[in-house]
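See below for the structure under consideration.
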Amino acid sequence: MAQLKDYQKIILSEISKMAKDKILPMAGTMDKEGKFNLDSAKLLGEMGLLQIFLPPEYGGLEEDQCLMFCLCIEEVAKACASSALTIIIQAVGSFPIIEAGSSEQKDTYFPRLASGKELVAYLVTEPHAGSDVAAIKTKSVRKGDNYLLSGRKCFATNGGVASISTVLCLTGEKELSFFVLDMNANGVFLGKEEDKLGFRASNTQEVILEDVLISEKNLLGKKGEGFVIAMKDFDMSRPGVAALSLGIAESSVEAAIEYACQRHTFGKPLIRHQAIEFMIADALTHIEAGRGLMIEAARTWDKKLKNTKLASMAKYFCSDAAMRITTDAVQILGGYGYCKDFHVERMFRDAKLTQIFEGANQIQRMVVGREALKERGFLL
Ligand SMILES: Cc1cc2nc3c(=O)[nH]c(=O)nc-3n(C[C@H](O)[C@H](O)[C@H](O)COP(=O)(O)OP(=O)(O)OC[C@H]3O[C@@H](n4cnc5c(N)ncnc54)[C@H](O)[C@@H]3O)c2cc1C
């Protein structure tokens, strides 16, 4: 359906094999231990999955970057959603440097990102500002040629293991700007690590910034461009979250089909009971429809066309589908679906986050509604 070139099919089959052979066997233990796993991140870097959006000379892809990003995430998410999230956050965190970095900043950070060994955190959300990005309070105050950065960032994926971060903060009244920051800079402290329902092998970290001294050289783009960069970042990341959701949904429905063919009740396999068959039919239909939306959103990004509405549609459609499909998969497996011996239990817990982060699904519906009105000439 994605109409890939031969070399792209080869890349995808290698990613799929790596996910099945190397990440899947670790996934259950990683989830149980509830800790970020460096081995899995290392594999992603070695396979080029943390470098996709960099220029080709730094290990990025030459074409169809967003499409390949999505298709690779989908393959990894079938094995381990926490690992797939690292691919997303690496892209999200690097985006302000790729999009707005000066040639000096690119010369500094691209070789580090190209190594696939350094992780980037994206420090935007704050305790009182999640959906409402413009309400953030972290601020940078000018001090001669430098800035002093202070504030509290929360829910930073990989914040506790990343060496680089991109930080959104106020640089004036209602003026938001991005800075690139080394996580070992003086004044950067790690706060609480979140203990979560799902994505247990992903690090989710509070990061406290106390008078962090940064120079003009850390400012990404122009002062005041931060909000626009953050919104553009969403256009790339939301198809990726759609892919994450599809990977979770697909591996759950496959487990449910396999189980329903083997398990017998009332003298016949579960799959022969129409109520079960219909759940599976609905799941497969939603996956197929969601994949169509995801591919369209990604291909539109790759053509450098505006994909904001499609990206939000794909994000909320696929994540809502993942929640419903994983719930049904647990139901089809009955009591066994509720136990950790089958990975549908992990996928069910992981699915919930896809409806919340990178813009909760209520916000996606607001975006779709507003974009649709704009297209029709109704300006709000
Ligand atoms: C595991 C995890 C990883 C994350 N990783 C990162 C990261 O790496 N970097 C980062 O910056 N952030 C990250 N986040 C933050 C995430 O993006 C936010 O949690 C998300 O945007 C929602 O913000 P919030 O939690 O403050 O909820 P709120 O904004 O308080 O919203 C609460 C609920 O109200 C709904 N709501 C809010 N406003 C409206 C409205 N106007 N109309 C209708 N409904 C509304 C929302 O949809 C949501 O359901 C992560 C979060 C989690 C849980």
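The values are calculated or read from the model by the stated rules, or taken from the named source; none is laboratory data. All of these numbers come straight from a predicted model, not from anything done at the bench. Using ideal geometry, Cβ is built from the backbone for each residue, glycine included, and neighbour counts are taken over all protein chains shown. Remember, those area values only see protein heavy atoms, side chains included, never the ligands or the DNA or RNA. Shrake-Rupley method; radii C 1.70, N 1.55, O 1.52, S 1.80 Å.
A search for C-beta distances below 8 Å between a residue of the stretch 141-168 that is closer than 13 Å to SER94 by Cα and assigned by TED's automatic domain parsing to the domain that holds ASP182 and any residue that is open to solvent by less than 10 Å² (accessible area, probe 1.4 Å) and basic (Lys, Arg), counting only pairs 6+ apart in sequence or on different chains, returns VAL167/LYS153.
Confirm whether ASP233 is surrounded by fewer than 20 Cβ atoms within 10 Å (Cβ to Cβ) and under 23 Å from LEU353 (Cα atoms).
Working: surrounded by fewer than 20 Cβ atoms within 10 Å (Cβ to Cβ): no; under 23 Å from LEU353 (Cα atoms): yes.
No: the conditions fail for ASP233.
Restricting attention to the stretch 1-35, the residues that are polar (S, T, N, Q) and over 19 Å from ALA243 (Cβ atoms) total 1. Taken together, GLN355, GLN364 contain a single residue that is assigned by TED's automatic domain parsing to the domain that holds ALA242, within 16 Å of the ligand (Cβ to nearest atom) and open to solvent by less than 20 Å² (accessible area, probe 1.4 Å), which is GLN364. All of (1) within 12 Å of the ligand (Cβ to nearest atom); (2) hydrophobic (A, V, I, L, M, F, W, C); (3) in contact with a helix residue (DSSP H, G or I) (Cβ under 7 Å, 6 or more places away or on another chain) hold for ILE325 with one exception: (1).
Would a scan of the stretch 74-81 turn up a residue that is open to solvent by 10 Å² or more (accessible area, probe 1.4 Å), out of contact with any helix residue (DSSP H, G or I) (no Cβ under 7 Å at 6 or more places or on another chain) and not assigned by TED's automatic domain parsing to the domain that holds GLY359?
First pass over the stretch 74-81, keeping only residues open to solvent by 10 Å² or more (accessible area, probe 1.4 Å): 75, 78.
Then keep just the ones that are out of contact with any helix residue (DSSP H, G or I) (no Cβ under 7 Å at 6 or more places or on another chain); that gives none.
Checked against the condition, which is being open to solvent by 10 Å² or more (accessible area, probe 1.4 Å), out of contact with any helix residue (DSSP H, G or I) (no Cβ under 7 Å at 6 or more places or on another chain) and not assigned by TED's automatic domain parsing to the domain that holds GLY359, the stretch 74-81 yields no hits at all.
Just wondering, is there one or more residues in the stretch 352-360 that are free of Cβ contacts under 8 Å to residues at least 40 places away in the same chain and either more than 18 Å from ALA81 (Cβ to Cβ) or under 21 Å from the mean Cα position of the chain (by Cα) (or both)? Reasoning before the result, please.
Step one: list which residues in the stretch 352-360 are free of Cβ contacts under 8 Å to residues at least 40 places away in the same chain, which gives 355-356.
Imposing the further condition that a residue be either more than 18 Å from ALA81 (Cβ to Cβ) or under 21 Å from the mean Cα position of the chain (by Cα) (or both) reduces the set to 355-356.
Yes: the stretch 352-360 contains one or more residues that are free of Cβ contacts under 8 Å to residues at least 40 places away in the same chain and either more than 18 Å from ALA81 (Cβ to Cβ) or under 21 Å from the mean Cα position of the chain (by Cα) (or both).
THR171 falls short on exactly one of the conditions (1) of a type outside the set (D, E, K, R); (2) touching an Asp or Glu at 6+ places or on another chain (Cβ under 9 Å); (3) away from the ligand (no atom under 14 Å from the Cβ), and that condition is (2).
Going by the structure shown, is LYS137 within 16 Å of the ligand (Cβ to nearest atom), more than 25 Å from GLN8 (Cβ to Cβ) and either among the charged types (D, E, K, R) or without any contact (Cβ under 8 Å) to a residue 40 or more places away in the chain (or both)? Explain how you work it out, then say what you get.
Details: within 16 Å of the ligand (Cβ to nearest atom): yes; more than 25 Å from GLN8 (Cβ to Cβ): yes; either among the charged types (D, E, K, R) or without any contact (Cβ under 8 Å) to a residue 40 or more places away in the chain (or both): yes.
For LYS137, the condition - within 16 Å of the ligand (Cβ to nearest atom), more than 25 Å from GLN8 (Cβ to Cβ) and either among the charged types (D, E, K, R) or without any contact (Cβ under 8 Å) to a residue 40 or more places away in the chain (or both) - is met.
One line per residue, one yes/no per condition, for (1) hydroxyl-bearing (Ser, Thr, Tyr); (2) in contact with a strand residue (DSSP E or B) (Cβ under 8 Å, 6 or more places away or on another chain); (3) away from the ligand (no atom under 16 Å from the Cβ); (4) under 17 Å from THR157 (Cβ atoms):
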{"site": "LEU50", "(1), (2), (3), (4)": "no, no, no, yes"}
{"site": "GLY59", "(1), (2), (3), (4)": "no, no, yes, no"}
{"site": "PHE69", "(1), (2), (3), (4)": "no, no, yes, yes"}
{"site": "CYS72", "(1), (2), (3), (4)": "no, no, yes, no"}
{"site": "GLY101", "(1), (2), (3), (4)": "no, yes, yes, no"}
{"site": "GLN105", "(1), (2), (3), (4)": "no, yes, yes, no"}
{"site": "ALA114", "(1), (2), (3), (4)": "no, no, yes, no"}
{"site": "LEU119", "(1), (2), (3), (4)": "no, yes, no, yes"}
{"site": "ALA129", "(1), (2), (3), (4)": "no, no, no, yes"}
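Can you work out which of the residues in the stretch 30-69 that are without any contact (Cβ under 8 Å) to a residue 24 or more places away in the chain and surrounded by fewer than 17 Cβ atoms within 10 Å (Cβ to Cβ) is farthest from the chain's Cα centre (by Cα)?
First, pick out the residues of the stretch 30-69 that are without any contact (Cβ under 8 Å) to a residue 24 or more places away in the chain: 39, 56-57, 60-62.
Checking which are surrounded by fewer than 17 Cβ atoms within 10 Å (Cβ to Cβ) leaves us with 39, 56-57, 62.
On the way: ASP39: 19, PRO56: 22, GLU57: 24, GLU62: 21 Å.
The qualifying residue farthest from the chain's Cα centre (by Cα) is GLU57.
Looking at the stretch 329-345, is at least one residue under 18 Å from the mean Cα position of the chain (by Cα) and either open to solvent by 40 Å² or more (accessible area, probe 1.4 Å) or at pLDDT 95 or above (or both)?
Step one: list which residues in the stretch 329-345 are under 18 Å from the mean Cα position of the chain (by Cα), which gives none.
No, the stretch 329-345 contains no residue that is under 18 Å from the mean Cα position of the chain (by Cα) and either open to solvent by 40 Å² or more (accessible area, probe 1.4 Å) or at pLDDT 95 or above (or both).
So, in the stretch 185-221, of the ones that are under 26 Å from the mean Cα position of the chain (by Cα) and loosely packed, with under 13 Cβ neighbours inside 10 Å, which residue ends up nearest to the ligand (Cβ to nearest atom)? Result: LEU197.
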